[in-house]
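Heads up: the structure comes next, in structure tokens.
The values are calculated or read from the model by the stated rules, or taken from the named source; none is laboratory data. From a predicted model like this one, the values you see are computed outputs, not experimental measurements. In this analysis, Cβ positions are derived from the backbone assuming ideal geometry, glycine residues included, and neighbour counts consider all displayed protein chains.
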Amino acid sequence: MCSDGRAGPLIQHFVGMIYMKMQDVKRLFVDANVQVAGKQIHAANIVAAMHVHGLKHLLTHNTADFSRFASFISVIPLEKTAGPAADVITSSAST
């Protein structure tokens, strides 16, 4: 940890670099003619963050919202599984 007062500017620089990289990725969406508006911006931010960190696969129940980003990531549907965990989810949802 920096005790000489450099931590604040270093953190600002780091956050600024990440912001700029994510803006570059969002421009890729525009160039690829991927329409993003309203609530869809949340999915776009997730995909942009994934791209920045080199992640290519997304496991989700919400495949519909991410299908527009198929040229950037692989969307893998998350399916319910049988077993104790599924029983807990079912019993919690029914109460």
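Close contacts from the range 45-69, counting a first residue that is of a type in the set (S, T, Y) and a second that is modelled with pLDDT of 90 or more, with Cβ to Cβ under 9 Å and a gap of 6+ residues or different chains, come to T60/F66; T60/V75; T60/I76; T60/P77; T63/V75; T63/I76; T63/P77; S67/V75. Selection of first residues in the range 1-28 that are over 22 Å from R68 (Cα atoms) and of a type in the set (G, A, S) and of second residues that are modelled with pLDDT under 75 and surrounded by fewer than 10 Cβ atoms within 10 Å (Cβ to Cβ), restricted to Cβ pairs under 7 Å at least 6 apart or on distinct chains, gives the following pairs, ordered by first then second residue: A7/M1.
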